[in-house]
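As structure tokens, the structure follows; a few thoughts come after it.
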Amino acid sequence: MSTIEKHLRVSGRVALSLLVKRKQSSTVQEFSAFLRFCPVLVGSSVSGVNLAQRLDDHEEDETFMLSYDSPEDALDEDDEDDSGHTLHRAIYPLVKDGGSMVESFTVGRGADNDLIMADFAISKHHALIKIKLGQYLVTDCGSTNGTFVNDQRIKSQPHRLQDRDIVTFARYEFAFVKPETLYRHL
């Protein structure tokens, strides 16, 4: 049986339509095996913030500070753009291409991350998700705009993720979801 790795885009994202199709032809156990029994980050929204600086005023390696004063324009729910600017309903399996055992999963703007978010509100190396004894622990990597779990900012101390936790990287919110939960909600 095939697994999810061959369907990952360069950004680490997988097409929602593929997962819907897979669910329609699979049992929950087969669907979970397809995802290698790994949870996913499901993009739920972009928080109501604007960048405090304009894009044309930036240095290439600079991360923008977020301003929480005004709301963000609404996003198109069906946008499948891989640019990282709109992640609404995007799905990122916490697996790596190549099928090797995963011990960590990196999130950031830099091309060397497992989940690449090409947005200047995201730090080059924003957060790290470590997998230890079947548990998923998220740590902020000193990012400019922070990592949050259920609206609580986390720092360098690892925070254990639970099914359906809301994880926010800068202005992007994701639900941390186990394969069985994703299967039921597709």
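The values are calculated or read from the model by the stated rules, or taken from the named source; none is laboratory data. This structure is a prediction, so every number in the text was calculated from the model and none was measured. Heads up, the Cβs are rebuilt from the backbone with ideal geometry, glycines too, and the neighbour counts pull from every protein chain shown. For the accessible areas, the whole protein counts, side chains as well, though only heavy atoms, and no ligand, DNA or RNA atoms are used. Shrake-Rupley method; radii C 1.70, N 1.55, O 1.52, S 1.80 Å.
Observations, loosely collected:
- Restricted to segment 1-48, and to residues there that are of a type in the set (Val, Ile, Thr), over 18 Å from the mean Cα position of the chain (by Cα) and in a loop (DSSP other than H, G, I, E, B), the residue that is nearest to LEU137 (Cα to Cα) is THR3.
- Subset of segment 106-116 that is open to solvent by less than 70 Å² (accessible area, probe 1.4 Å) and of a type outside the set (A, V, I, L, M) - its residue that is farthest from VAL177 (Cα to Cα): GLY110
- Residue list for segment 129-186, filter: in a strand (DSSP E or B) and of a type in the set (Asp, Glu): ASP140, ASP165, GLU173
Okay, residues lined up against (1) modelled with pLDDT of 95 or more; (2) surrounded by 15 or more Cβ atoms within 10 Å (Cβ to Cβ); (3) within 21 Å of PRO93 (Cβ to Cβ); (4) of a type in the set (Lys, Arg):
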| residue | (1), (2), (3), (4) |
| --- | --- |
| LEU133 | no, no, yes, no |
| VAL138 | yes, yes, yes, no |
| ASN150 | yes, no, no, no |
| ASP163 | yes, no, yes, no |
| LYS178 | yes, yes, yes, yes |
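- Counted residues, segment 6-32 - those being surrounded by fewer than 16 Cβ atoms within 10 Å (Cβ to Cβ) and closer than 22 Å to GLN135 by Cα: 3
- Search result, residues across segment 143-174 that are among the basic types (Lys, Arg) and closer than 21 Å to GLY110 by Cβ: LYS155, ARG171
- Among the residues of segment 117-131, just one is open to solvent by less than 30 Å² (accessible area, probe 1.4 Å), modelled with pLDDT under 90 and not acidic (Asp, Glu), namely MET117.
- Contact map, segment 3-16: residues that are over 17 Å from PHE37 (Cα atoms) paired with residues that are assigned to a helix (DSSP H, G or I), Cβ distance under 8 Å, separation 6+ or inter-chain. Pairs shown: ALA15/HIS7.
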